[in-house]
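Every number in this text was worked out from the coordinates using simple rules, so none of it is lab data. Since we're looking at a predicted model, the values are computed, not measured. FYI the Cβ positions are ideal-geometry reconstructions off the backbone, even for glycines, and counts take in every protein chain you see.
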């Protein structure tokens, strides 16, 4: 049973120690507020583990478990099946993991959970590297980004998680961004009320790892949407719906120049990244027209 | 009590069915056993009322099991060999979160080289993961020990998961007669699952397995150690109750002709029957031979081992895993540690039966022969590895100047 030292507003304790300028706590606060008290949370080690607590102190007011880096979707599957067997069709099971725990080491268990259409909400907050452990590159790290394991810039593109998710025919998936909280909330609300495996992929820029002033997180995330580095979309019952058209589609220069991780990017790489954003967007647009 | 015919896998499935799990998660990694598919059949036929989660790896099988059991239902899974190795990380989570899962493990060799056959390298590699370990000698024991394992693991002062280990093919595929309790008798013994200590329930909020600081971590491990200590006592109580209810005696260690034995072997698993057969032959010749079978390996019954072997002059411990790089195999290490300072006779380790090589009556006769040579003063030492081919160093590409 929880005893409160401080009565939090919402489900997340005040004073959570994410880095200055990190918006993950905004994601957690909004998601848990919308999902409500009748929710069980699964987080892996990583930045999200801040929300499990330390020792006898929990950081959230809902029950939860910190699993391993690669098994959030599997633990959530087990919880969902345990409730199902006991006739509990009301408690929501939510897993919130970073990109490393999702697109790298956690992809297998997420794939299994999606294929089985487990009744869980899986949220990936994507800061495009292993930020908690010291900015090591992940398969979500974009082309040309410098990390501690790609010091000269990453030479290949990032994995396209949302398309991997769509290939599993889940009932609902969406991308969202901390640059657009009303849109994020709308998508969480929609996901909450759908039965089956729901996946949200949320961009969450990291001032520490991306190298920009901590007051600029929303601006950076907004610019990602403007140039097409991040595309807002929904996938519902097999149908893709895109958000508004990027205003500066394919123009990566401004987005790159805002972040130190792209300091070493060559003009060719910036141009290639811009082309990649534009081509990907056009492809998604064609999908949305089907 | 009804008599049924089961192979080892079937007996494990029957015990699981009798314990009425609510969630089953299993994956058929090569080499698994037929337990996963038998359980699927039982669910499909309505004999088990459970959610069957067809997971994508053994790692996920254990992860699903942990998540499900923390909601308050008994779960079932099973594994073998490399599947258990893949599970290793999450086996520690089940133990540390005190989730009392009971899991049959079909003992099969770890790679490399690839093998499909029996040895104990898989479960011996898990011996310090925080799980209780029982090793069966017969198909009957698979059923008996699995039913007892639920009671021991789930005991409120134990709360520690169990591996019920049985030898691949020698038991898993060996059809034997099994006295089986009725559904009601078994349920009356196993009892419904009661969640204790840690669970996931929005009505009673707790966060499980958050970062544990150094100032508490030692104490959390101390609690697990105390769980093992209690398990040793609880196992005896549960075995006594089982005997009273079902008439069959189960052991932490089983002594065979040890009271006046001069030489003895210590065995584990299905090799033990062959060992007893050879003890009988030697006794007919007037040789005072005996055998001690380790039935419960975790917690290790050190006191019972010491008591049973206190008068034996020369002891050979037979390991069915190689214990590479160690002074001897894992069972021998434990036995030696248990006997240290007790003033008993000489102890020698033997390694064999690797990857399905049969430990035959001839193997035991050789082992006893070497022990007798020491006993009679004809030799000081024994050959550690038995039944090794003479051309061992000449197969494949290995060339060593020795």
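Miscellaneous remarks
- Rounded, prolate or oblate (a/c below 1.5 giving rounded, otherwise prolate when a/b exceeds b/c) for region B:306-366 by Cα gyration tensor: oblate
- For chain A, calculated [θ]222 nm from helices alone, where every DSSP H run of n ≥ 4 adds -39500 (n - 2.57): -10000 deg cm²/dmol
- Length added when fully stretched, residue B:395-residue B:54, from 0.36 nm per residue minus Cα-Cα: 118.7 nm
- Protection-proxy order for peptides A:97-105, B:174-182, each taking the mean of Cβ atoms within 10 Å per residue, highest first: A:97-105, B:174-182
- Counting, for every residue in A:46-55, the Cβ atoms of other protein chains within 10 Å of its Cβ and taking the mean gives 3.
- Sorted into 5 angstrom bins from 0, the C-alpha pair distances of region A:24-289 split as 1, 6, 14, 18, 20, 17, 12, 7, 3, 1, 0, 0 percent.
- Global form of region B:77-225, assessed from the alpha-carbon gyration tensor, a/c cut-off 1.5: oblate
- Inter-part distance where region B:182-216 and region B:1-55 are each reduced to a Cα centre, Å: 22
- Stretching the chain fully between residue A:244 and residue A:288 yields a gain of 14.6 nm (0.36 nm per residue, less the alpha carbon separation).
- Using a cutoff of 8 angstrom between alpha carbon atoms and counting only pairs six or more residues apart, the relative contact order for chain A works out to 15 percent.
- Highest mean first, the peptides B:22-28, B:382-388, B:220-226 sorted by other C-beta atoms within 10 Å per residue fall in the order B:22-28, B:382-388, B:220-226.
- Within a Gaussian network of chain B (alpha carbon springs, distance under 10 Å), most fluctuating of B:127, B:98, B:151: B:127
- Chain A: most fluctuating residue of A:146, A:13, A:266 per GNM, C-alpha cutoff 10 Å: A:266
- Under a Gaussian network description of chain B, with springs only between Cα atoms under 10 Å, the residue in B:112, B:379, B:15 that fluctuates furthest is B:112.
- Relative contact order computed over chain B (Cα-Cα under 8 Å; 6+ residues apart), in percent: 15
- Rg and Dmax [Cα atoms of the protein assembly as shown; Å; Rg one decimal, Dmax integer]: 29.0, 96
- In this calculation the C-beta distance from residue B:361 to residue B:225 is compared with R0 = 45 Å, giving a FRET efficiency of 0.65.
- In chain B, the DSSP-assigned H stretches of four residues or longer account for a calculated mean residue ellipticity at 222 nm of -12500 deg cm²/dmol, using -39500 (n - 2.57) per stretch and the full residue count as denominator.
- Cα-based shape type of region B:25-133, given that a ≥ b ≥ c are square roots of the gyration tensor eigenvalues and the cut on a/c is 1.5: oblate
- Shielding score for B:211-220, defined as the mean number of other chain Cβ atoms within 10 Å: 2
- Both radii come from the Cα set of chain B: Rg as radius of gyration, Rh as Kirkwood radius; their ratio Rg/Rh reads 0.98.
- Antiparallel %, DSSP beta bridges [both residues in the protein assembly as shown], to 5: 25
- For chain B, share of DSSP beta bridges that run antiparallel, in % to the nearest 5: 20
- For region B:253-375, the antiparallel share of DSSP beta bridges with both residues in that region comes to about 20%.
- Debye intensity ratio in log₁₀ form over the Cα atoms of region B:253-375, taken at each q of 0.18, 0.19, 0.22 Å⁻¹: -0.88, -0.99, -1.36
- Label-point separation in nm, residue B:260 to residue A:20, each point 7 Å along Cα→Cβ: 8.5
- Across peptide B:54-63, the average count of Cβ atoms from other chains found within 10 Å of a residue's Cβ is 6.
- Radius of gyration and Dmax over the Cα atoms of region A:169-273, both given in Å: 15.3, 46
- With Cα atoms, 0 to 90° folded angle of helix A:267-289 axis to chain A main axis: 60
- Fully extended contour minus Cα-Cα distance, from residue A:189 to residue A:266, at 0.36 nm per residue: 23.6 nm
- Region B:253-375 - percent relative contact order, Cα under 8 Å, separation 6 or more: 30
- Among A:281-289, B:33-41, the order from most to least packed when residues are scored by Cβ within 10 Å on average: B:33-41, A:281-289
- Degrees, to the nearest 10: B:35-44 long Cα axis against longest axis of chain B: 30
- Principal-axis analysis of the Cα atoms of chain B puts helix B:139-154 at an angle of about 50° to the longest axis.
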